[in-house]
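A.B. asks: Structure incoming, see below.
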Amino acid sequence: MRARYGVPLSLAAAGAAGLVYAAGFETRSFRLRRVTVPVLPSGMRPLRVLQVSDIHLVSGQRKKQRWLRSLAGLRPDFVINTGDNLSDPDGVPEVLDALGPLMEFPGAYVFGSNDYYGPRLRNPARYLLEKAQGRHGLNGNPPAVGVVHNPWEDLRDAFDVAGWLNLTNTRGTLKIEGTSIELTGLDDPHIKRDRYAQVAGGPSPAADFSMGVVHAPYLRVLDAYTADAYPLILAGHTHGGQLCIPFHGALVTNCDLDTDRVKGLSTHTAEGRTSYLHVSAGCGTSRYTPVRFACPPEATLLTLVGPE
């Protein structure tokens, strides 16, 4: 009997221990990553950019709120929020409480699908199936039926009142100590709300530096930004794979981006040009899959510097 059931029981124990770790510890093991990106024109002073993404706040997540509030101590030059703030229709007040200290700094934002719609319970194995079938996101954007509509307008209005730029298929400019930072943003490609034609044309010659911002790093968007010569693109959405295999990495990205670039700094090439791409692994999960493994929650402080 011992020989027959010893291995299955040990595997079950290991699996249970892994689940406890993934749900009870790693999801609350918040990290700050620091990245230096050589993208600024020569002679321009460094810029410190704090990127927060995929907060997926559920009411009652006090530790996450406290950690987000503490990031204001970094004193960034500006903040970029790459979307999916919500995983609870009642979570807007707590999102605003968590981000309140950061909203005292210049900033900008785009929304993700979870800002607009409440999450659905789904089998995590479907992500693997969709990857195998080459299907990602929605096939179009007809009116959403049978979904929970989040109060994203309240989130938008609060961000706007704080002075953060709404980059929904538009451009905006931040002035940082006399330096002009142009930000070109898109609505979420995962639900086919991106309209690149409305912002096409590349960086403005009047700006000292320009960058692209989007929630989901779909290749069509990365190609467009790169072909238009944006030196840097910031995105989120992937959760870094969320459930990763140690020494192997992510299995899925939940978009058509390859798993080698599921999080962190990389490059993207299109039409003979190359841009830096930073994908945040985010600091949350869907309320229905509240686990992370080998992929701790994060925010990133990017220091943009010149080529020297």
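The values are calculated or read from the model by the stated rules, or taken from the named source; none is laboratory data. All of these numbers come straight from a predicted model, not from anything done at the bench. All Cβ positions, glycine included, derive from the backbone under ideal geometry; neighbour counts span all protein chains shown. When the accessible area is computed, the model is the full protein with side chains, heavy atoms only, and any ligands, DNA or RNA have been set aside. Shrake-Rupley method; radii C 1.70, N 1.55, O 1.52, S 1.80 Å.
A.B. asks: Average projected area of the Cα convex hull of segment 141-201, in nm²?
C.D. replies: It is 5.6 nm².
A.B. asks: Run the accessible area of the chain with a 1.4 Å probe and give the carbon-and-sulfur part as a rounded percent.
C.D. replies: 56 percent
A.B. asks: What's the extension gain from residue 120 to residue 62 if we count 0.36 nm per residue and subtract their Cα-Cα distance?
C.D. replies: Computed gain between residue 120 and residue 62 is 18.6 nm.
A.B. asks: Something else: Run through segment 216-255 and list the chymotrypsin sites (Phe, Trp or Tyr not before Pro) located in a DSSP loop whose Cβ has at most 11 other Cβ atoms within 10 Å.
C.D. replies: Here the chymotrypsin sites (Phe, Trp or Tyr not before Pro) that fit, given the DSSP loop and packing criteria, are 247.
A.B. asks: Evaluate the charge dipole of segment 219-308 about its Cα centre and quote only its size in Debye, nearest 20, assuming +1 on the Cβ of each Lys and Arg and -1 on the Cβ of each Asp and Glu.
C.D. replies: 360 debye
A.B. asks: A further question on this structure: Which whole-number percent is the relative contact order of the chain (Cα, under 8 Å, 6+ apart)?
C.D. replies: 27 percent
A.B. asks: Starting from the Cα of residue 219, move 7 Å in the Cα-to-Cβ direction to define the label point; list residues of segment 229-248 whose amide nitrogen is under 20 Å from there.
C.D. replies: Counting backbone N atoms under 20 Å from the label point, the list is 229-230, 233-241.
A.B. asks: Rounded to the nearest 20 debye, what is the charge dipole size of the chain about its Cα centre when +1 sits on each Lys and Arg Cβ and -1 on each Asp and Glu Cβ?
C.D. replies: The calculation lands at about 1220 debye.
A.B. asks: Karplus couplings for segment 274-288 from phi (6.51 cos²θ - 1.76 cosθ + 1.60, θ = phi - 60°), rounded to Hz, Gly and Pro as x?
C.D. replies: With the stated coefficients, segment 274-288 comes to 10, 10, 7, 10, 10, 10, 7, 6, x, 10, x, 9, 4, 5, 8 Hz.
A.B. asks: State, to one decimal in nm, how far the label point of residue 148 lies from the label point of residue 97, with both points 7 Å from Cα in the Cβ direction.
C.D. replies: 1.8 nm
A.B. asks: I'd like to check one number: the per residue accessible area of the chain, probe 1.4 Å, reported in Å² as a whole number.
C.D. replies: Roughly 45 Å² per residue, with all protein chains present.
A.B. asks: So, one more: How big is the gap, in Å, between the Cα center of segment 268-308 and the Cα center of segment 48-111?
C.D. replies: 16 Å
A.B. asks: Let me see the P(r) profile for segment 97-242: every Cα-Cα distance counted, bins of 10 Å, each bin given as a percent of all pairs.
C.D. replies: 10, 36, 35, 16, 3
A.B. asks: Within segment 33-66, name every residue whose backbone N is under 17 Å away from a label modeled 7 Å from Cα of residue 267 along the Cβ vector.
C.D. replies: 36-41
A.B. asks: What do you get for Rg/Rh over the chain if you use C-alpha atoms and the Kirkwood form of Rh?
C.D. replies: Answer for the chain: 0.99.
A.B. asks: Run the Debye formula on the Cα coordinates of segment 170-308, all scatterers equal and no solvent, and tell me log10 I(q)/I(0) at q = 0.09 1/Å.
C.D. replies: Computed log10 I(q)/I(0) values: -0.29.
A.B. asks: Using helices alone, what [θ] at 222 nm do you get for the chain, with -39,500 (n - 2.57) per DSSP H run of 4 or more residues, divided over all residues and rounded to the nearest 500?
C.D. replies: -6500 deg cm²/dmol
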